[in-house]
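Trainee: Below are the structure tokens for one structure; questions will follow.
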Amino acid sequence: MCGIVGYIGREQAAPILLEGLSRLEYRGYDSAGVAVFDAGTNTLAVHKAKGRIQVLSDQLHGGADLNSTVGVGHTRWATHGAPSDVNSHPQVSRSGRIAVVHNGIIENYAELKSFLRTKGVPFRSETDTEVVAQLIEHFYEGDLLAAVGKALHRVRGAYALGILCADCPEQLIAVRKDSPLILGRGEGCNFIASDVTAILRHTRRVSYMEDGELAVLTRDGIRCYNHLMQPVEKAAVTIDWEIGAAEKDGYEHFMFKEIMEQPQALRRCLSPRIREGEVVFEDVSLSGDYIKNLRRVCVVACGSSYHVGMAGKYHLERLTRIPVEVALSSEFRYMDPIVDQNTLIIVISQSGETLDTLAALREARRLGGHILSIVNVVGSSIARESDQVLYTWAGPEIAVATTKAYTTQLALLSLLALWLGRRLGTVPDQDYRQMIAAFQELPDRMEEVLSRRDDIQYFASNYFNHGSIFFIGRGLDYALGLEGSLKLKEISYIHSEAYASGELKHGTISLIEDGTLVVALSTCGRLFAKAMSNVAEVKSRGANVLALTVESHREEMARTADAVMAIPELHELLLPCLGVVPLQLFAYYVALMRGCDIDKPRNLAKSVTVE
Ligand code: G6P
């Protein structure tokens, strides 16, 4: 959600900025812009365009039109003011000498705007960001850093900022509070970016900015300050993944590539953590006493990560017998949650930057909870602010609709449940062995599911024209349905709902009529007979039923359902990891047949960094 890239060096800035922005496209945006310092005229050249980066790039002939070695670029996901050229960033001050790119929300922008208006400052856009640019200029008396400091003192909200001033073309200023921003360290050049993908082509050495920090970048160095403007030393880390990991590699879409990468991602996530038949979490240190005294577990997350929590609740409760609550981060942070030192808070986030989840984490910590997070992006805010981190090691995920992050999160949460259960003595030896074997088999079984993708494509071709689709299931199959339904609506824009099958009769069944598509999920053997009854109920009201079950139940299911997708047998608790794959593929093929923009669905962002 909003992407920032900034460059100061000796090469032409505009092509670097445009290329960097294109790597941030996946975050979600509706317009783009760049500002560079033009040494010829001693002014800032600002270019912005609504729509895709390509529109801006075409206008600037790939950046060749701009002659400059310092600049900032931005992709905007509209919050204040509709997507338009004028509301796009960079936003400039009245004189045009200060340009600002921003990710986040300035909460008191209306108040600041009124204040500036009383000083005669005219506004062009409806954005909260313009207020920052104007405020800096208002305080500017020849010392840019001092003006930025004074402006930030007045600003409330969340922000990552890139600031450029025509009077100080030898520097670029970066500020971070509650929105991600990293510093990239090159040879004779330096960068700012919302995430590493934007600058990986130029440098692998990055420093993570902390909240309240400000950085001054020049060609030859970076100076950092804390919120009191005291200098701070920042360590640099080296990013070890290849740029290719964030490229399509010949696939038509990132989403498809990431679906196909899942077996490999699971191997990376699980293999180092299962050794000689035991779960080994070198990255977690929870004492035996702490675990024995645990009274509650609370899983906090948003979107698909929340669905992982919904499934993980079954694993955790079954294997540890500790009560588990699963909360949406956006609710948790305001619901006066009950948390104490005997509550383990499991925070799940692919990006590690989702603002509501970060805020929920902070609230839980304030109340004394111990925070263990499951995160994909190394060094992200949630990872850094947690007491313990389990990285999913799924590699960069670019498509907005998550796939490999979901399966690795779920597998890791299940493994954590098994590890906790083992230490609590609540998992009998034989069950433990069976589950370990199932974890080891999981990637291979997933390859099998993926190899049958043509069947799913065929089902998608039969059903892609439906206007409304219901997913039903019980227990883990209900949790799976939540994710299947979300995948479908995210990328195909088909209205879809997931229901616990038992709830159908309490209302939703009234919507079932001739031809309504119901995706009936029934992977859980114990509940198969119940699932069959629900299938019969919707069938007898005219529904078209596409069922998902395990191989051993395929035949029986096929007697009632119209079509059946089957997955291989595996330990019941790991079936959602397998079962989600046909649902991801179904959503993908349906969206493909409907001509949707699969990797960048409308209105959605990969990393939701505003509330
Ligand atoms: C966005 C993404 C979803 C993701 C959710 C939570 O909505 O599009 O795929 O599940 O954010 O993100 P997180 O990074 O915290 O897992």
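Trainee: Which of the following residues is at pLDDT below 95, among the hydroxyl-bearing types (S, T, Y) and either surrounded by fewer than 24 Cβ atoms within 10 Å (Cβ to Cβ) or in contact with a Leu (Cβ under 8 Å, 6 or more places away or on another chain) (or both): S414, S381, S373?
Mentor: S381
Trainee: Among what's in region 21-57 and is surrounded by fewer than 24 Cβ atoms within 10 Å (Cβ to Cβ) and more than 29 Å from the chain's Cα centre (by Cα), pick the residue that is nearest to the ligand (Cβ to nearest atom).
Mentor: Within region 21-57, the match that is nearest to the ligand (Cβ to nearest atom) is V46.
Trainee: Now, a different point. For residues that are part of a loop (DSSP other than H, G, I, E, B) and surrounded by fewer than 24 Cβ atoms within 10 Å (Cβ to Cβ), tally how many sit in region 182-208.
Mentor: Looking only at that region, the number is 9.
Trainee: Sort out which residues of region 409-452 are charged (D, E, K, R) and either within 22 Å of W393 (Cβ to Cβ) or touching an Asp or Glu at 6+ places or on another chain (Cβ under 9 Å) (or both), and write them in order of number.
Mentor: R422, E441, D444, R445, E447
Trainee: Right, another one. Please enumerate the residues belonging to region 395-417 that are of a type outside the set (S, T, N, Q) and within 15 Å of G309 (Cα to Cα).
Mentor: If the condition is that a residue be of a type outside the set (S, T, N, Q) and within 15 Å of G309 (Cα to Cα), then A405, Y406, L410, A411, L412, L413, L415, L416, A417 are the ones that fit.
Trainee: Given the structure, is E130 open to solvent by 30 Å² or more (accessible area, probe 1.4 Å), modelled with pLDDT of 95 or more and part of a helix (DSSP H, G or I)?
Mentor: no
Trainee: Hey, can you tell me all the residues within region 479-524 that are closer than 17 Å to S304 by Cα and touching a residue at least 60 places away in the same chain (Cβ under 8 Å)?
Mentor: A479, L480, L482, E483, G484, L486, K487, L488, E490, I491, S492, Y493
Trainee: Next question, about the same structure. Restricting attention to region 450-458, does a residue exist that is open to solvent by 50 Å² or more (accessible area, probe 1.4 Å), more than 16 Å from the ligand (Cβ to nearest atom), part of a helix (DSSP H, G or I) and closer than 26 Å to N293 by Cβ?
Mentor: no
Residue-wise test of (1) farther than 15 Å from A543 by Cα; (2) within 25 Å of the chain's Cα centre (by Cα); (3) part of a loop (DSSP other than H, G, I, E, B).
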| residue | (1), (2), (3) |
| --- | --- |
| L486 | yes, yes, no |
| K489 | yes, yes, no |
| S496 | no, yes, no |
| G502 | yes, no, no |
| S510 | no, no, no |
| R526 | yes, no, no |
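Trainee: Quick check on my filter: what residues within region 146-166 are surrounded by fewer than 16 Cβ atoms within 10 Å (Cβ to Cβ) and not basic (K, R)?
Mentor: Answer for region 146-166, where residues must be surrounded by fewer than 16 Cβ atoms within 10 Å (Cβ to Cβ) and not basic (K, R): A146, H153.
Trainee: Based on what the data block shows, is T403 more than 10 Å from the ligand (Cβ to nearest atom), within 20 Å of L583 (Cβ to Cβ) and open to solvent by less than 10 Å² (accessible area, probe 1.4 Å)?
Mentor: Against the criterion (more than 10 Å from the ligand (Cβ to nearest atom), within 20 Å of L583 (Cβ to Cβ) and open to solvent by less than 10 Å² (accessible area, probe 1.4 Å)), T403 does not qualify.
Trainee: I'm checking my understanding of the structure. Among residues of region 567-611 that are open to solvent by less than 10 Å² (accessible area, probe 1.4 Å) and touching a His at 6+ places or on another chain (Cβ under 7 Å), which one is farthest from the ligand (Cβ to nearest atom)?
Mentor: Across region 567-611, the extreme among qualifying residues is L573.
Trainee: Shifting gears a bit: Which of the residues that make up region 260-302 are surrounded by 12 or more Cβ atoms within 10 Å (Cβ to Cβ), among the polar types (S, T, N, Q) and touching a residue at least 60 places away in the same chain (Cβ under 8 Å)?
Mentor: Result: Q262, Q264.
Trainee: Determine which member of the set R474, R559 is within 15 Å of G579 (Cβ to Cβ) and open to solvent by 60 Å² or more (accessible area, probe 1.4 Å).
Mentor: Sole residue among the options that is within 15 Å of G579 (Cβ to Cβ) and open to solvent by 60 Å² or more (accessible area, probe 1.4 Å): R474.
The values are calculated or read from the model by the stated rules, or taken from the named source; none is laboratory data. Just so you know, these numbers come straight off a predicted model, no measurement behind them. Cβ atoms come from the backbone with ideal geometry, glycine included; neighbour counts cover every protein chain shown. When the accessible area is computed, the model is the full protein with side chains, heavy atoms only, and any ligands, DNA or RNA have been set aside. Shrake-Rupley method; radii C 1.70, N 1.55, O 1.52, S 1.80 Å.
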